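Peer 1: So that we are looking at the same thing, I have put the structure below in structure tokens.
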Number of protein chains: 2
Amino acid sequence: MQKCRLNPKDQLPLDLLIPDLAAVCSYALEESGKQVRPALAYLAFSTITPGSINLVPVSALELIHTYSLIHDDLPAMDDDDMRRGKPSLHKAFDEATAILVGDGLQARAFELLADAPDLSVEQKVRMIKVLAQASGFEGMVGGQYIDIQAVDSDMTLEELQAMHEMKTGALVRASLALGGIAANGTDEQLAALDEYGKHIGLAFQVVDDILDVEGDAEALGKTAGKDAEANKPTYVKLLGLDGAKAEAKRLLQAAIDALEMFGDSADQLRDLARYIVERDR
Amino acid sequence: MQKCRLNPKDQLPLDLLIPDLAAVCSYALEESGKQVRPALAYLAFSTITPGSINLVPVSALELIHTYSLIHDDLPAMDDDDMRRGKPSLHKAFDEATAILVGDGLQARAFELLADAPDLSVEQKVRMIKVLAQASGFEGMVGGQYIDIQAVDSDMTLEELQAMHEMKTGALVRASLALGGIAANGTDEQLAALDEYGKHIGLAFQVVDDILDVEGDAEALGKTAGKDAEANKPTYVKLLGLDGAKAEAKRLLQAAIDALEMFGDSADQLRDLARYIVERDR
């Protein structure tokens with residue numbers, strides 16, 4: 001699969017008035033994680049239009065994702081000490097810094113989109129709306145809220161799915177939408193990408209739950225067994241390990257089927273879907 | 001002074017998928033505070049163009065301000081139990097909820113602007129950029145970071161001023177800019193409004209420091225004496241009470257002078273500047 005590495009650090013004004021804060025931002029962004037969302041935006045773009053994508057929307061996605069991890073790791077939330085193979089931000093610095101850096105990264109994501117070169121104002125407004133909805137109450141934030149309330153509760157499979165569609169699925173779909181909007185995709189093309197995104201978003205979470213049981217902390221770069229320990233509802237609990245693996249396969253196939261209209265030009269998106277389901281971290 | 005009351009609650013999708021979260025948002029927004037920022041946006045607009053303003057940018061400002069108060073009140077930050085005359089959000093609910101609701105309100109502010117009726121895409125992009133810069137690392141978030149680091153430290157008057165220009169001044173100036181952009185103001189008009197905003201932003205903070213010493217908790221709706229107790233640098237500490245009062249007067253006059261080009265049509269902005277300096281809460 002074609003590499004899509006980028007450095008969101010380059011998109012931050014790190015010559016801030018505050019050198020300390022610049023150092024914290026560097027810490028937050030220097031380990032870039034799997035970069036699934038940037039890869040999705042990039043591949044959505046190249047599936048519709050061969051050529052080089054404007055990387056700004058891609059960076060905005062990674063800033064939103066990074067801010068959400070920083071806040072999710074806080075003691076009042078998931079209370080995670082490790083992230084991307086090193087101490088999470090509130091452990092390396094302190095809680096106030098983690099709250100503020102998360103807040104600032106969110107603002108910076110929208111600033112980046114508003115200020116992006118080579119995008120029309122129509123594209124920018126559309127992207128900002130998509131990203132704000134996906135990351136707000138009706139998307140990522142709302143899903144995280146349900147997740148936190150769900151500790152020690154019984155959830156049906158439908159409720160678990162609805163939560164993940166908000167918590168992680170919305171930003172996955174927004175990633176594809178941003179790439180598609182950057183490529184001036186048609187409504188039909190954007191709808192097909194969205195259908196693909198819906199299935200890989202869920203597949204991603206099913207595999208996360210499997211890895212939380214089967215994975216090891218070193219490969220994951222975060223504490224394994226955390227969700228089970230916190231008594232959170234997971235796919236593995238509801239479907240069993242084999243059932244969860246079968247569900248991941250079903251979702252993979254549905255994702256691949258959604259890309260039919262694109263023919264060969266969506267091969268990299270198909271490869272990414274397979275990577276999401278077959279990854280070990 | 002003409003009233004500019006609005007209800008940012010109306011700008012939230014409170015029929016969210018999550019009734020509990022809707023209740024939290026209502027709690028966060030039902031006591032609307034002084035609404036200085038919405039008033040500034042409204043008056044900037046009406047100073048340039050008599051007529052009714054599109055209220056969307058105004059609501060976006062109040063959402064950003066409210067999110068910042070919710071996060072600032074957290075135990076890891078200013079640790080304030082009272083806000084707007086009632087328990088702050090993390091006391092009424094819990095810390096995780098306060099972090100998430102703040103995050104969601106920020107996203108919603110940008111979504112509102114992107115989705116605003118009666119604004120051109122050019123106006124929207126410009127407003128989003130202004131609001132994101134003012135609320136991010138180079139503005140509100142950066143200023144709050146400096147403020148938290150500044151506990152028990154000695155600051156010069158210049159450093160204190162620079163901090164407040166970021167922490168509260170940036171959003172005050174953004175409020176005026178949003179109103180001015182909505183009114184299609186000229187560069188000269190926007191520059192005059194910005195100059196006015198720079199001075200009232202500082203005046204607002206000087207008066208806050210005075211009220212922190214002289215005010216009572218009931219009128220303020222928050223704990224008085226908090227800053228002195230936390231050993232934070234304040235104007236009163238650096239200038240004395242009389243010196244701070246003289247500085248507030250000087251800033252008021254500079255703010256009024258900045259409005260000269262508008263003639264009588266800026267009378268309400270002049271009244272607002274006087275209110276900011278003469279308020280008792």
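The values are calculated or read from the model by the stated rules, or taken from the named source; none is laboratory data. These numbers were taken from a predicted model, which means no experiment stands behind them. Heads up, the Cβs are rebuilt from the backbone with ideal geometry, glycines too, and the neighbour counts pull from every protein chain shown. Protein only, heavy atoms only, side chains kept; ligands, DNA and RNA dropped before computing areas. Shrake-Rupley method; radii C 1.70, N 1.55, O 1.52, S 1.80 Å.
Peer 1: State, as an integer percentage, the relative contact order of chain A based on alpha-carbon contacts under 8 Å between residues 6 or more apart.
Peer 2: Relative CO of chain A lands at 21 percent.
Peer 1: Same structure again: Based on the mean of other beta carbon atoms within 10 Å per residue, what is the order of A:127-136, A:151-160, B:160-169, B:257-266, most packed first?
Peer 2: A:127-136, B:160-169, B:257-266, A:151-160
Peer 1: Next question, about the same structure. Only helices at least 15 Å long along their own axis, judged from Cα atoms, and with Kyte-Doolittle mean hydropathy of 1.6 or greater: name those in chain A from DSSP H.
Peer 2: Result, helices passing both filters: A:170-182.
Peer 1: If you don't mind, another one. Computed over the Cα atoms of the stretch B:15-278, what is the ratio Rg over Rh, Rh following Kirkwood?
Peer 2: Reported Rg/Rh (Cα atoms, Kirkwood Rh): 0.96.
Peer 1: Tell me the distances, shortest first, between A:GLY263 and the same position across the other copies, using label points 7 Å along Cα→Cβ, in nm to one decimal.
Peer 2: Copy-to-copy label distances for A:GLY263: 6.7 nm.
Peer 1: Another question about this same structure. May I ask for the net charge around B:GLU188, where only other residues with Cβ less than 13 Å from the Cβ of B:GLU188 are counted and Lys, Arg are +1 while Asp, Glu are -1?
Peer 2: Result for the local shell: -4.
Peer 1: For B:TYR275, go 7 angstrom from Cα along the Cα-to-Cβ vector, then report the distances to that same point in the other copies in nm, smallest first.
Peer 2: Copy-to-copy label distances for B:TYR275: 5.5 nm.
Peer 1: At a 1.4 Å probe radius, carbon and sulfur cover how many percent of the accessible area of chain A?
Peer 2: The value for chain A is 47 percent carbon and sulfur by accessible area.
Peer 1: Turning to a different aspect of this structure: Quick one: of A:LYS91/B:LYS86; B:LYS91/B:LYS245; B:LYS198/B:LYS249; B:LYS34/B:LYS249; A:LYS34/B:LYS167, which pairs are farther than 26 Å apart, Cα to Cα?
Peer 2: A:LYS91/B:LYS86; B:LYS91/B:LYS245; A:LYS34/B:LYS167
Peer 1: Expressed as a rounded percentage, what relative contact order does the stretch A:89-217 have, with Cα pairs under 8 Å and six or more residues apart?
Peer 2: Reported as a whole number, the value is 20 percent.
Peer 1: Quickly rank A:248-254, A:59-65 as a protection proxy: mean count of other C-beta atoms within 10 Å, highest first.
Peer 2: A:59-65, A:248-254
Peer 1: log10 I(q)/I(0), Debye, Cα-only the protein assembly as shown, no solvent, q = 0.07, 0.11 Å⁻¹?
Peer 2: Once normalised to I(0) and log-transformed, intensities are -0.41, -0.98.
Peer 1: Would you please calculate the Kirkwood hydrodynamic radius of the stretch A:53-108 over all C-alpha pairs and express it in Å, rounded to one decimal?
Peer 2: Every distinct Cα pair counted, the radius reaches 11.5 Å.
Peer 1: Considering amide H positions built from the backbone, and no H for Pro or chain starts, which residues 5 or more places from B:ARG83, or on another chain, come under 5 Å of its amide H?
Peer 2: Correct list: B:SER88.
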